[in-house]
Each structure stands twice: as C-alpha cells, then as structure tokens.
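Following: one structure in structure tokens, then a few remarks.
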Amino acid sequence: MAPLDHTSDKSLLDANFEPGKKNFLHLTDKDGEQPQILLEDSSAGEDSVHDRFIGPLPREGSVGSTSDYVSQSYSYSSILNKSETGYVGLVNQAMTCYLNSLLQTLFMTPEFRNALYKWEFEESEEDPVTSIPYQLQRLFVLLQTSKKRAIETTDVTRSFGWDSSEAWQQHDVQELCRVMFDALEQKWKQTEQADLINELYQGKLKDYVRCLECGYEGWRIDTYLDIPLVIRPYGSSQAFASVEEALHAFIQPEILDGPNQYFCERCKKKCDARKGLRFLHFPYLLTLQLKRFDFDYTTMHRIKLNDRMTFPEELDMSTFIDVEDEKSPQTESCTDSGAENEGSCHSDQMSNDFSNDDGVDEGICLETNSGTEKISKSGLEKNSLIYELFSVMVHSGSAAGGHYYACIKSFSDEQWYSFNDQHVSRITQEDIKKTHGGSSGSRGYYSSAFASSTNAYMLIYRLKDPARNAKFLEVDEYPEHIKNLVQKERELEEQEKRQREIERNTCKIKLFCLHPTKQVMMENKLEVHKDKTLKEAVEMAYKMMDLEEVIPLDCCRLVKYDEFHDYLERSYEGEEDTPMGLLLGGVKSTYMFDLLLETRKPDQVFQSYKPGEVMVKVHVVDLKAESVAAPITVRAYLNQTVTEFKQLISKAIHLPAETMRIVLERCYNDLRLLSVSSKTLKAEGFFRSNKVFVESSETLDYQMAFAESHLWKLLDRHANTIRLFVLLPEQSPGSYSKRTAYQKAGGDSGNVDDDCERVKGPVGSLKSVEAILEESTEKLKSLSLQQQQDGDNGDSSKSTETSDFENIESPLNERDSSASVDNRELEQHIQTSDPENFQSEERSDSDVNNDRSTSSVDSDILSSSHSSDTLCNADNAQIPLANGLDSHSITSSRRTKANEGKKETWDTAEEDSGTDSEYDESGKSRGEMQYMYFKAEPYAADEGSGEGHKWLMVHVDKRITLAAFKQHLEPFVGVLSSHFKVFRVYASNQEFESVRLNETLSSFSDDNKITIRLGRALKKGEYRVKVYQLLVNEQEPCKFLLDAVFAKGMTVRQSKEELIPQLREQCGLELSIDRFRLRKKTWKNPGTVFLDYHIYEEDINISSNWEVFLEALDGVEKMKSMSQLAVLSRRWKPSEMKLDPFQEVVLESSSVDELREKLSEISGIPLEDIEFAKGRGTFPCDISVLDIHQDLDWNPKVSTLNVWPLYICDDGAVIFYRDKTEELMELTDEQRNELMKKESSRLQKTGHRVTYSPRKEKALKIYLDGAPNKDLTQD
C-alpha cells in the first residue's frame, strides 16, 4: 500500500482512485504522532463554525447531557489527554453541570484566581477536607497544571458537606453563586480576603420614594451581587429586546396614585409619589441574571421563557447611573432617620450625602496599596463605565430540568471557549449570538414556545480599565504555598499515571477452581501483569484460591477454560516461562475464555489438553444397582467414529466395547443412543463439551428398543431427579398409634422399601424415621390390597360422609375453620379413631370428577412448568392425590348441624374443563404414575440450622405433583398431607407457601430448601385471608388479628360464624355475629361493607393475599343494601382547635342534601350552617388542626357525592364538617408554636404527613462544618 503524497498536484484519478466504487483510505501514525483534524481558521464561514462547536447548540430544543457530545475535532487518542485548547474540563458527577459552569467562570476570572492563590491554608487550624477555599485552590491548580482532559469535583463538593445524593439534585447556577460566595465570606473572616467578594462583585443602589407635591424623598441604600433582569414584563406578551432595554425597565420608576398613594412625612397626608431604584455604584465584576424562569398562573406550573434577548460584547453602564429627569420644588434639607443607609432628604442633596459613604469605590485594583486611586461617583467620566463581556452561562432545557455550560472569553488570548463539563472547545462570536435565544420570527406571545431552549441565563462583565485589569499569575509569581501545592498535585498525578500504566498492562480474566476437598467450584478474578510468566501466574492463582494448606503448589496448573460450556480448551505444557500477555493474546477489556486452576493428587499426572479436542464426561450406568456413577473425563476428536470412541472409553473405564451402549445427552432430557458404528462424533452432534452415559452388560435389556429399555427409564429418571432438603416440624412424627391411623389413611404410596431408602447413621437421628417405616410397611401393603379390592365398588364413596373419617374431628371441632391447627390437636384428632376400623375414602366417578376438575386457569397450569408459588393462597388448585385421596378427605369441614345433610356451595366443584382424560380410573394422573421416584434419608444439617431440627434429604422426580410429593412426606411428618403445609425457602430466607397441588416440582432445582409446617392446607377454591381490626378512633386504626380461610361460594355470614371461635381463642375477642361486620381493605383504607348475604367469588371478588377489615359495631348493623353509602364523619371545632371522634353516617343515596341532614342530626348544627369537606390522603386522612380550616375544599358546589371534586362512590370516605358560624380561635405566637410542635409530633407518630402537597425542591446548602445538620427539625 503506497502512501499518498499530500503535496502532489495529481488528480484523484491519477492517484489510482476508482470512480463509481468504494475507495478505502488507511490513516496511520506519521512520525509517531496520531492523526488529528486541523482547526479551521477563525474567519471561516458559519457552517464550519456550526460543525466545530461543542455543546448542545447544534441540536436546538434538546436538553444537553454529558453523554451526548461527539466531536469531530477531538483526536481519537486517549480521553485522558488534555484538550488541544490547553484547558481542562470538569467531570459531571451526575447533575453538577451548574457547578462546573460557575467553577470554570471563577477560574477564568484573573482577579478571583489570583486572590484565591494568595490565601494560605493553615492545616493546624482546619481540616483540609472541609476547607472550601483550600479545595478550590487545589481545583484551580489542577485546572491550570493537569495533563488530563477533565478532573473530578468530588473533593470540592465534599468540602461543601454534600454527599453523593447531592450530585443528583439539579440547582440554579445563580443560587449556587450566592450560596458559595456566602460560604467563602464566612471562611475568609479575619483574613486578607475577608472583603474580596464585596470588592469584586458588590454594587449599591438606592430604593427611593419621592412625593410629587413637595419633592420630599425617603430612601434606603441596598447592596447587590447581581442584577436580575426581567425577560418579559408581568402581563405583557412582548419580551424586552435587549439587556439595555431590560436595564432601563429595571430603574424605571412607577407612580403611586389612587389607592396606592404614599403618605408623605412632609405634607402629612397621602400624596401621589414616584417610587423607583437608582444605581449608585457598579461593581468591578458586573453579574446580570436573565430571569428566564417564571410561573404560569394559567397552568399553575413553572415555565421557561425562551424569548430572544440580545446582549452586547461591550456594555456602557454610565447611562444608568443616577438618572434624574425631574426637578422638584426646593424643600428643607435632609433629615436623618437614624438608621444606617436610610433617611429622607431633598433630591439635590442625595449625591453629596452619598459621596461621603465609605463604600463608594468604583472597582478594585488587586495590586492594592495606600496610593491606589478610587473612583467616586462625583468623578465619573462616561468612558469609565465600559464593561466587556467575558462569561455567558447557558441553560439548555426547560423549567423542569436541563443542562448548564459556560462560554468564557480568555483574557490571555481574547479567544472564546465553550466549557461544557469535560469538553472544552474553541468557539466564535457567532456561537455567542446563538445564545440570545428566541427564533427568527416576530417576538409574539407564542414565540417562546417555538424558540430554542438553549439560551443565556447569566452574564458576567468586567470593567474595562487597563490600570486595574489584572493578568493571571505566572508560575514564577506563585506564592510559595501554591508552588508547594503544584508540586504535590503533580506528584499525585504522576503516581496516578503510573498506576494507570500498570492497569493498562494488566490482564484481568476470570479464574475458576474446583476445590480439591470441598468439591465446590470457586470463582475469582485474576489480575496479572502481561510480563508475568505462567509460572508466576499459577502461584498468584494458588494463593488467591487459598490452597496453601490444602494441596502443594506443584499439583496445580492453569489451563484455558470455557466456563459456559464447561470445556477445557487447552493446557500449556512447556510454556511455564512464557509471559501471560502472549498466552492470553494481549491485554483486553474482556476475554472470550477463562482460566481454570486445575489440581491433581500427588500420585496423579496431569492430562494434556490439545486444541481441537472435545471433552466428554462419561457416566457409567449400573442397571442392577440402578446407579449412575460420577463422571470420568476423556478427550476425543470430532472426526472419530463411534467404534473408535467406544475403544477409547473402554480403555479409560475398563469395560468391554462389544456390549457397550453409549447414550449422548445433547441437551436437557434429550437422550440419543449412538447406534451407527461408522458415524463420526461430529455427525452425532458432539460439541466442545459433552455428556455421555455408558452401560456394558449382557442383559436382555440390550436387545430391547431404546425408548422401552430399562436403561432409558433409568436415565430419564436420573435427568429429572432433583435433591431437596426438607425441614420437618419439631414434633413430627407422633406415637405408634397415631402413625398407624395416619398410615391407613395414606393409602398406597408406592414400595416403601424401594422408594424410601435410608442410609446408616447415628441411631438417635434415625430412630423416628426408621421406626415409622419398619412399623408401617406391612400395614401399608395390606391397606393397598384392600384399596384395590374396594376400588371395584363404585358406590363405596357414598358412605364417606358417615365414615370414621368424618368422626375424626367431630368430637372436638365441628368446623375445621382454623387457619393453622396445633400439633396436639392434630394428634388428638388422629388418636380418637380406631386404627383397626379406619377406612380409606373412595368416591364415585362423578365425585372424583367434581373434585379434580379445574378452571381454565388450572388447565394452563397443568401444561406449565413455571412456578406458581403464592403467599398463602390456593387459586383453584385442588386435584386428587396420587392414591386417589383428595384433601377433602379429613372432613366436610363447614357443615353445621342445621345443614349437615346439604351439600354446600363451596364443596361443589367447578364446571368440568376437560381435564378428565389426564387421569385414569383410580384418580392418578397418567403421567404421574411413571414419575413416582421418591427417596428420603435423614440429613445432618450444617451448624446454624437450629438444634433439634429434623432434616430430610429427598431425591425426587421433579415431574411429580405437589400433591403426590406431600403424600410421600406423610410418614415423615406424622400427619395427613391435608394437615401440613409446604413452604419453599428462597435465597433471602423468605418463605412462600406452595399451594397448587396439581403443579409439578419442575420449578424446583437441586439443593432447594423446603420447610414443612403443621396446619390445615388449603383446599380447592379456598383462600387464606388476613383479618385486620378497624379501630377508627385509635392512634393506629389498623391492627392485625389472624389468618383465616374463606372459600368460594361461602357467604359473608358463614365466614363470620367461623371467625367467632377463632377470635375468641386467638385474640380474646368476644363478639356476637350481629355486632361486627367485614369490609374491604385497600392498604389502610376501609372500603365496601360486606353484607351477610354476599357470596365470595360471586358478589365479592377474592384473590391472592387478600386482606379484610373486621369492624366491631356499637349497635345493630345499619347497612342493609348495596344502595346505601357509609361514610365516616368527623366534626372540626375551630373555636376549640380540635377534632371530634369519627362517627359513621349511613346514607340512603348519594345526595349532598341528605348528608347535610344527617350531619345536622348527629351534631345539632342548624342545617343551613353545615359546611363539609372531603378528607385527603389515606385513612384516617390526618391533617394538622392549624391547616384544616383553610387547606380543605370546604362546601363544594355539588348536589351529589359521586361527582368531581368529591368522587365518593364507595363506603369508607372521610368527611370533615363544621359550623360556619363558629369563629376560629385566635392564638398567641406562643400558643401557635406550642400547638405546632404538638401537631408535628402527632403527625410524625401516626406517619400521616400531608401526602398531597406538591414536591418541594431540596434547598441548596453549603455546610461550613463539612457535614449537614442531622437534626431534621432544623430543615
């Protein structure tokens, strides 16, 4: 590739460029320098300027952010390199662009920077971290000397006392300027810089009122740091065209006449007067704030005015000093009012009086000495008040938020630069004009809406005076402490640079290691310098994985590893001295592979891994023992045939190749028998990492079709078997007789000897489990035979309701309504039955169909493998258990004596949805019959799991349903599956109840934990409901009572009947059924009152995690129909400054007149004097008694309650009412403060702060002690 000669006069065609085709150019370094785009001449046209400008200006209407800027004028060298402008940017912490703009402006102000450098920090007197001037010094030194493109401002904001949250707060740059100047003045007290801010930025103006009859004038002298200029006068559709026009408007006096007349001290009467402002003194640095943020009283929102307002590069302020056009009659001489800078005098004497003031200096020369000339107003000349613009702080965005950046003119080269956070670029005067705002059209009322949102917000001018205009201090002019600071910062930067160099040459790669003893895969990140050898890297990894006490170093090595595919790509034999940079392919941000620290036993030899090999994990299958061995790893090639592969495996595991069957698991549960000997491994679907099962026996199973063979079934079970750890209840299982009673009810749970295998261990820990199995095996077998015989009789289920099953609970509890049943009760229930006469429940086909039929939701669940664990809820999830028993088998729990012979609504199954075909005649799922593998053995849990707790390690086929899984657990828990609950334990130790019995365990994975708790499990159509007591006049109106179970089809009265004994036993509440009600609960708000005849799921929607209020009544229930409306009223007594307790008002309609009548009836207030308002926020709608009288919307002009602004359409709304003739109590300041404290304390305790008030912006504060005040009441 020949280089192009840039000095040649050849045409592109002569230089071998091909027309009509893509021609590629390759840019390379020239003499070691990277290519850069040259800056064009400053006289270039507007288009080129537009392209070069860095910032949001080219994208009008957008809100800038630091991530938006992509500049062509930057070289593609490291972002750490300094901008070609020579200036350093500031990093935006998050939303600190307003701070960056002000800091860059102060840095580019010679007088401020030089004065700051002259101040010396005394470390003995103050902590450098909290010293604002010192941190500003450090920042300015870095801005002046750093080689970085941008530096951080975190040290400065930390000295302000800000934490990281402040970086996410947007603030106004003018507000920051004020606050920062105040903080600097406080820090600089008793120093040479004590009056620096005033000397540079402070001006004086006179606020006066002059009588138009006698010329008598009252006045006050004020100081200012900036002049706020209105963009658009109030009520006007026309904006001011220029800064000069806005300045004239600022000092334009107004006439006080008519009702606004001024009381003249001279005339002793109200007279017409002129009120206005006069500038007496302009500061050396003049700050103008363009008031672009306003409030729109039509929309009641803050808005930004984007109207065009021009500003000159040079501003003549002499025309604004002491404008006096009107001559008034002679009056007496001025009389001093006695206050500083205040008085009343004749206008002709104003200048003479003020000329004696000590603060009339016009500007400041920093080379201060006793002979410095000061300019007073009496010696003003017109050309002495010419100001030159040097900083424009620009805001881009809206009133809701936006972006600040600064356009600043350097006094060193008179060139303008854009300081946009970390980006600094050169700009021109044309770019400054673009910040005037507005659009090219007329300045009409709507022009602001269509104008650019990027415009000037703050302007800073400097007085033009060659004798006073300072230059930046040169390095050799620095004070000694600044020289030391420069040296210190340079050393720190060099140290950072060296550290970055090390980082740039450090390889960072994931490191894995299978711990040789714990057999746990460990993960870490290996950071190794590219020049370190492989041997050194192995030693680093060895120490990083803490293997010093476990295995010798020479038994470890690093190999190339693919963690995703669990594939060992290659080993590095003979490359121990090779640098890691070469082995890893250089230093990269990310690697497409990982490293594995492989270990071996001292008597073993490392295997060589060559590139191109595939890894195969071989599991040996023993059909007789029905076991699958741990894997052995072999390496093969994709072009090997199946025959060659069998020979390779035969050598590795010493099994004959002739009878060997190899099964490849290509993906989960996808088993493929390698039957074609001539096929290559690649053709069979082998990849980088593979898993095969090998069996080599001479059984007849070898001759069977693979899908029907014992091998397939064993591998299928192996693929779907998971290991779970089950925590049993402390009191399980019970005595022998109780277990026997249970076991008869349990039915055939499979071959216990096969499915519930046990391991040997300490006798104490195994005794209870072994005892159950040994004592129950024969009984369960005989019971299974009995069930098979009884299964032929379809009518056997008709006697169920009169069987001993029904009698288990009847002596003790007629209704099984408790949310959780105590262990002792369960044991008593089971013990009362006669073990010998205990019969299992069988049902007719119709009953079976009814109990297992599902809703359309359940149909989806049956085909879904996703978890539907819910917190204490059963969404129509009941199906028959694996042995044909349903969880209804304990009792028909909700039948009272009055309706014992009737079948209740909630016992009737839902309409059949076509799921019958999924089950055989015995009620078992057809698919479930082959997924019954279950093996449980005692397990010694780790320390910290709780002493005395019993754990089971369960291996189970995850395709089994939850119902069958619970059945298998029955012998270990000691009670029927319908009397214990299964909770799944998640990583955060949160427990959620698994209630959908027809779902499989497919959502569970290996080593998941399960907790078993005693208590009645939910049946089909049942919901666990949390019951709270509503106490409307208590400080905490919402009190949790208990968990209850409501069922679909149950009436509200029936649920109340079931709640009464539970409330008595668990909560100590004695309630009669007609003296309490249930009502809807939405968070803390009481809602619809449920009437006794309402039916759940028909009249009342009931759902997961449902909550309901229980409300005790003082009398008989007044709510009789749904057309009525129950509201909670509360009287406000302004004369006593207090609120009465709540009283319920039941309305027959939504009429406001009826509400007034009811309120008048309960309060005795005349109907015409009733005023009411709707409460705001959540119940109990707390509000301070200091605010309620004026803050609420009293007496809304509506005739019905269900329209705006009330919208009272449901029970539970809060209504405040008052007597409009009652006067508000007059409070002294002391009483008000005391009441304010009391109310504040009350509202804080109840947590009912006013939630409807608009969001308040966080105030901008700088904390002089370096930390905010922690006392929240001082905010």
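Just need a number here: residues in region 274-306 that are among the polar types (S, T, N, Q), assigned to a strand (DSSP E or B) and either touching a helix residue (DSSP H, G or I) at 6+ places or on another chain (Cβ under 6 Å) or farther than 29 Å from T105 by Cα (or both).
Of all residues in region 274-306, those among the polar types (S, T, N, Q) come to 287, 289, 298-299, 306.
From the residues that got through so far, the ones that are assigned to a strand (DSSP E or B) too are 287, 289.
Those still in the list that are either touching a helix residue (DSSP H, G or I) at 6+ places or on another chain (Cβ under 6 Å) or farther than 29 Å from T105 by Cα (or both) too: 289.
The number of residues fulfilling the criteria is 1.
Determine which member of the set L773, L724 is open to solvent by less than 10 Å² (accessible area, probe 1.4 Å) and at pLDDT below 50.
Working: L724 fails: at pLDDT below 50.
That would be L773, the only listed residue that is open to solvent by less than 10 Å² (accessible area, probe 1.4 Å) and at pLDDT below 50.
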Worksheet item: Looking only at residues in region 230-248 that are modelled with pLDDT of 90 or more and open to solvent by 40 Å² or more (accessible area, probe 1.4 Å), which one is nearest to D207 (Cα to Cα)?
Response: H248
Worksheet, complete the sentence: With the first residue restricted to region 154-177 and required to be under 12 Å from Y98 (Cα atoms), and the second required to be open to solvent by 10 Å² or more (accessible area, probe 1.4 Å) and basic (K, R), Cβ contacts under 6 Å at 6 or more apart or on different chains are Q169/K1258
Practice prompt. Provide a single number: the residues in region 656-694 that are crowded, with 18+ Cβ neighbours inside 10 Å and part of a loop (DSSP other than H, G, I, E, B).
Written response: 4
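Could you list, in sequence order, all residues of region 698-718 that are among the polar types (S, T, N, Q) and surrounded by fewer than 17 Cβ atoms within 10 Å (Cβ to Cβ)? It would help to see each step written out before you state the result.
Of the residues in region 698-718, the ones among the polar types (S, T, N, Q) are 699, 703, 709.
Matches in region 698-718: T699, Q703.
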Worksheet, complete the sentence: Log entry, pairs with first residue in region 1179-1193 being of a type in the set (G, A, S), second being part of a loop (DSSP other than H, G, I, E, B) and surrounded by fewer than 19 Cβ atoms within 10 Å (Cβ to Cβ), beta carbons closer than 9 Å, six or more apart or on different chains, reads S1184/V1250
Fill in: Residues of region 1120-1148 that turn out to be assigned to a loop (DSSP other than H, G, I, E, B) and in contact with a Leu (Cβ under 9 Å, 6 or more places away or on another chain), as a count
9
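Yes or no: V1214 touching a Cys at 6+ places or on another chain (Cβ under 7 Å), open to solvent by less than 20 Å² (accessible area, probe 1.4 Å), within 22 Å of V1032 (Cα to Cα) and among the hydrophobic types (A, V, I, L, M, F, W, C)? I'd like the intermediate steps shown before the answer.
Details: touching a Cys at 6+ places or on another chain (Cβ under 7 Å): yes; open to solvent by less than 20 Å² (accessible area, probe 1.4 Å): yes; within 22 Å of V1032 (Cα to Cα): yes; among the hydrophobic types (A, V, I, L, M, F, W, C): yes.
Considered against the rule, which asks whether it is touching a Cys at 6+ places or on another chain (Cβ under 7 Å), open to solvent by less than 20 Å² (accessible area, probe 1.4 Å), within 22 Å of V1032 (Cα to Cα) and among the hydrophobic types (A, V, I, L, M, F, W, C), V1214 comes out as yes.
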Worksheet item: Quick check, is N92 open to solvent by 10 Å² or more (accessible area, probe 1.4 Å), within 23 Å of R426 (Cβ to Cβ), under 30 Å from the mean Cα position of the chain (by Cα) and modelled with pLDDT of 90 or more?
Response: yes
Worksheet item: Across region 113-143, what is the total count of residues that are modelled with pLDDT under 90 and closer than 23 Å to Q422 by Cβ?
Response: 0
Fill in: Tabulated pairs, region 287-299, first closer than 30 Å to I197 by Cα, second open to solvent by 40 Å² or more (accessible area, probe 1.4 Å), C-beta under 6 angstrom, 6+ apart or interchain
Q289/P228; K291/P228; K291/V230; D294/I303
Discussion item. Name the residue that is nearest to Y457 (Cα to Cα), counting only residues in region 267-288 that are crowded, with 20+ Cβ neighbours inside 10 Å and touching an Asp or Glu at 6+ places or on another chain (Cβ under 6 Å).
Written reply: T287
Worksheet, complete the sentence: (1) part of a loop (DSSP other than H, G, I, E, B); (2) more than 51 Å from the chain's Cα centre (by Cα); (3) of a type in the set (A, V, I, L, M) all hold for V209 apart from (1)
Response to the item:
Counting only strands (runs of 3 or more DSSP E) wholly inside region 511-592, the ones holding at least 1 residues that are at pLDDT below 90 and in contact with a Lys or Arg (Cβ under 7 Å, 6 or more places away or on another chain) are 567-571
Practice prompt. Please specify each residue of region 144-163 satisfying the condition of being part of a loop (DSSP other than H, G, I, E, B), more than 22 Å from N420 (Cβ to Cβ) and open to solvent by 40 Å² or more (accessible area, probe 1.4 Å).
Written response: D163
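So, in region 410-426, how many residues would count as being open to solvent by 30 Å² or more (accessible area, probe 1.4 Å) and hydroxyl-bearing (S, T, Y)? Even if it seems obvious, please write down each step before you answer.
Filtering region 410-426 for residues open to solvent by 30 Å² or more (accessible area, probe 1.4 Å) gives 411-415, 422, 426.
Still in the running and hydroxyl-bearing (S, T, Y): 412.
The number of residues fulfilling the criteria is 1.
Those residues that are part of a strand (DSSP E or B) and open to solvent by less than 10 Å² (accessible area, probe 1.4 Å), I need them from region 1155-1186; list them, please. Before the answer, list the steps.
At the first step, the residues of region 1155-1186 found to be part of a strand (DSSP E or B) are 1170-1174.
Once the filter is applied, which keeps residues that are part of a strand (DSSP E or B) and open to solvent by less than 10 Å² (accessible area, probe 1.4 Å), region 1155-1186 yields I1170, F1172, A1173.
Here is a yes/no grid of residues against (1) at pLDDT 50 or above; (2) open to solvent by 20 Å² or more (accessible area, probe 1.4 Å); (3) among the hydroxyl-bearing types (S, T, Y); (4) closer than 30 Å to K713 by Cα:
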| residue | (1), (2), (3), (4) |
| --- | --- |
| G901 | no, yes, no, no |
| D916 | no, yes, no, yes |
| K935 | yes, yes, no, yes |
| P938 | yes, yes, no, yes |
| K950 | yes, yes, no, no |
| V954 | yes, no, no, yes |
| F965 | yes, no, no, yes |
| D1006 | yes, yes, no, yes |
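Table: residues versus (1) farther than 29 Å from R1024 by Cα; (2) more than 44 Å from the chain's Cα centre (by Cα); (3) β-branched (V, I, T).
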site: R1064; (1), (2), (3): no, no, no
site: L1071; (1), (2), (3): no, yes, no
site: F1076; (1), (2), (3): no, no, no
site: S1103; (1), (2), (3): no, no, no
site: A1126; (1), (2), (3): no, no, no
site: W1132; (1), (2), (3): yes, no, no
site: P1141; (1), (2), (3): yes, no, no
site: D1153; (1), (2), (3): yes, yes, no
site: R1156; (1), (2), (3): yes, yes, no
Worksheet entry | Considering residues of region 197-217 that are open to solvent by less than 30 Å² (accessible area, probe 1.4 Å) and out of contact with any Lys or Arg (no Cβ under 8 Å at 6 or more places or on another chain) only, the residue farthest from I1262 (Cα to Cα) | G215
Fill in: Of residues in region 164-196 being in contact with a strand residue (DSSP E or B) (Cβ under 9 Å, 6 or more places away or on another chain) and open to solvent by 10 Å² or more (accessible area, probe 1.4 Å), the one nearest to E126 (Cα to Cα)
C177
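The values are calculated or read from the model by the stated rules, or taken from the named source; none is laboratory data. What you are looking at is a predicted structure, and each value in this text was computed from that prediction instead of being measured. Backbone-built Cβ (ideal geometry, glycine too); neighbour counts: all protein chains shown. Surface accessibility is based on the protein's heavy atoms, side chains included, excluding ligands, DNA and RNA. Shrake-Rupley method; radii C 1.70, N 1.55, O 1.52, S 1.80 Å.
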